[in-house]
Amino acid sequence: MTTDLLNTFRISIEDYYRANKRSLPWRKEVPDPYEVWLSEIILQQTRVAQGTPYWEKILAAFPTIEALANAEEDKLMSLWTGLGYYNRARNLQKGAKQIVSEFEGEMPTTYDELLTITGIGPYTAAAIASICYDEKIGAVDGNVYRVLSRFFGISTSINQTDGIKEFQSLANSIISSTSDAASYNQGIMEFGALHCTPKKPFCMLCDLADICTAFKQGKVDELPVKVKKGKRGSEEIHYAIICSEKGIALRKRGTDGIWAGLYEPPRLQVAPKNGEELAPAIVHKLSHKDLKCHFWLVNKEILDEPITYYTKNETGDLGMPIIIANLVENIKI
Ligand code: SF4
């Protein structure tokens, strides 16, 4: 990529912004960093039209960072109701408290300092630093990935480490030559949101079409590339529930796997023929797969290995996966 191409792209984006920028209440001649921060957090998973009334009422209730820091959590949550992703609100308040305690209630003024605040990641830090303090760091959100990948014809995946680094580095190179970091960063996001849209982008009306790689190569619909997360796996587990006057049969798992070293009933390779299930199967959700656990009432003869029984009292001292602990708690031994 030549410097000329980067500059041509940047200038075109800045011109687009000046001609097309939406009038939004936090877009002021002299932007207020608290207002910009609030807008960026609200708009992370919310469209502008839906988020703006929330921005207005939350700002009215907590007009300063200090007011937000001291807000009743219930009050903040009730104002947030309907926006979803409540962690955003909790982190926003944690961040406000941190700014009060570490920065005397004044928003930090550099990208690096902003990154130290709870809830402010690279994108938000770059947005605030460029919009409010003219720092030349590229803000890379979903819109920016799309515009950059299409215009420069980059097919590196945007949801993997290499791609994230590559796009951040490109965004930083482009913005490095500007004299108006705020307009460039907001411009490319606006361009992506309104013009180079995910579906049916306005290529036929685009000033960049002649030099847009994806358009020239007919690859607009293929970019950006996102690696599909693998399908969630599932696994069936069949437990042998064997009880006697001595208690319930349990076995300690080996050192591998997520339940390593924990106690559970002996496992069967397959469901026993004509077996009776103690209760409906329980699905236990892990981050990468679902475990469907069946509990079969069986005789000890089904196992060809020694069995150790534990009384209810003894099980209290054993580490067990939560579904097994619940089972043991409720079973009559
Ligand atoms: S030509 Fe189409 S794909 Fe290329 S920048 Fe313009 S709108 Fe986006």
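The values are calculated or read from the model by the stated rules, or taken from the named source; none is laboratory data. It should be emphasised that the depicted structure is a prediction, and the values quoted were computed from it without experimental measurement. Heads up, the Cβs are rebuilt from the backbone with ideal geometry, glycines too, and the neighbour counts pull from every protein chain shown.
Across the range 300-333, what is the total count of residues that are part of a loop (DSSP other than H, G, I, E, B) and modelled with pLDDT of 90 or more?
Taking the range 300-333 and keeping what is part of a loop (DSSP other than H, G, I, E, B), we get 303-308, 311, 316-321, 331-333.
Filter once more, keeping what is modelled with pLDDT of 90 or more: 307-308, 311.
Matching residues across the range 300-333 total 3.
Within the range 231-244, identify whether any single residue is assigned by TED's automatic domain parsing to the domain that holds ILE131 and surrounded by 21 or more Cβ atoms within 10 Å (Cβ to Cβ), and answer yes or no. No; the residues of the range 231-244 include none that is assigned by TED's automatic domain parsing to the domain that holds ILE131 and surrounded by 21 or more Cβ atoms within 10 Å (Cβ to Cβ).
For every residue, the table says whether it meets (1) modelled with pLDDT under 95; (2) under 28 Å from LYS219 (Cβ atoms).
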{"position": "PRO63", "(1), (2)": "no, no"}
{"position": "ASN70", "(1), (2)": "no, no"}
{"position": "ASP74", "(1), (2)": "yes, no"}
{"position": "LEU79", "(1), (2)": "yes, no"}
{"position": "ASN91", "(1), (2)": "yes, no"}
{"position": "SER101", "(1), (2)": "no, no"}
{"position": "ALA127", "(1), (2)": "no, no"}
{"position": "PHE167", "(1), (2)": "no, yes"}
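Figure legend. Inter-residue proximity from the range 255-267: first residues of a type in the set (Val, Ile, Thr), second residues surrounded by 11 or more Cβ atoms within 10 Å (Cβ to Cβ), beta-carbon distance below 7 Å, spacing 6+ or different chains. Indicated pairs: THR255/GLY261; ILE258/LEU286. Exactly one residue among CYS212, CYS243 is touching a residue at least 12 places away in the same chain (Cβ under 8 Å) and in contact with a helix residue (DSSP H, G or I) (Cβ under 7 Å, 6 or more places away or on another chain), and that residue is CYS212.
Residue count for the range 177-207 satisfying the condition of being more than 17 Å from THR8 (Cα to Cα), among the aromatic types (Phe, Trp, Tyr) and more than 10 Å from the ligand (Cβ to nearest atom): 0. Within the range 139-167, the residues that satisfy the criterion of being crowded, with 19+ Cβ neighbours inside 10 Å, more than 14 Å from the ligand (Cβ to nearest atom) and assigned to a helix (DSSP H, G or I) are GLY163, PHE167.
Take the conditions (1) polar (S, T, N, Q); (2) surrounded by 12 or more Cβ atoms within 10 Å (Cβ to Cβ); (3) more than 22 Å from the chain's Cα centre (by Cα); SER78 misses just one of them, which is (2). Residues being of a type in the set (A, V, I, L, M, F, W, C), more than 22 Å from THR156 (Cα to Cα) and away from the ligand (no atom under 16 Å from the Cβ) are represented in the range 223-237 by at least one member. The residues of the range 208-222 that are near the ligand (Cβ under 8 Å from one of its atoms) and part of a loop (DSSP other than H, G, I, E, B), listed by number, are LEU208, CYS212.
For the subset of the range 51-89 comprising residues that are part of a helix (DSSP H, G or I) and without any contact (Cβ under 8 Å) to a residue 12 or more places away in the chain, which member is nearest to GLY105 (Cα to Cα)? Filtering first and then ranking leaves ALA67.
Just to be sure, is LEU250 touching a residue at least 60 places away in the same chain (Cβ under 8 Å), at negative phi, touching a strand residue (DSSP E or B) at 6+ places or on another chain (Cβ under 9 Å) and surrounded by 11 or more Cβ atoms within 10 Å (Cβ to Cβ)? Even if it seems obvious, please write down each step before you answer.
Numbers: touching a residue at least 60 places away in the same chain (Cβ under 8 Å): yes; at negative phi: yes; touching a strand residue (DSSP E or B) at 6+ places or on another chain (Cβ under 9 Å): yes; surrounded by 11 or more Cβ atoms within 10 Å (Cβ to Cβ): yes.
Here the answer is yes, as LEU250 does meet what is asked.
When the residues of the range 191-207 are filtered to those that are more than 17 Å from ALA19 (Cβ to Cβ) and part of a loop (DSSP other than H, G, I, E, B), which remaining residue is nearest to the chain's Cα centre (by Cα)? That would be PRO198.
Could you check, for the range 279-294, whether at least one of its residues is within 21 Å of GLU314 (Cβ to Cβ), out of contact with any Cys (no Cβ under 8 Å at 6 or more places or on another chain) and either in the same structural domain as LYS312 (by TED's automatic domain parsing) or free of Cβ contacts under 8 Å to residues at least 24 places away in the same chain (or both)?
In the first step, residues of the range 279-294 are kept if they are within 21 Å of GLU314 (Cβ to Cβ); the result is none.
Within the range 279-294, none of the residues are within 21 Å of GLU314 (Cβ to Cβ), out of contact with any Cys (no Cβ under 8 Å at 6 or more places or on another chain) and either in the same structural domain as LYS312 (by TED's automatic domain parsing) or free of Cβ contacts under 8 Å to residues at least 24 places away in the same chain (or both).
Within the bounds of the range 176-190, is there any residue that is assigned by TED's automatic domain parsing to the domain that holds ALA129, among the charged types (D, E, K, R) and either farther than 24 Å from TYR111 by Cβ or part of a loop (DSSP other than H, G, I, E, B) (or both)? Yes, that holds for at least one residue.
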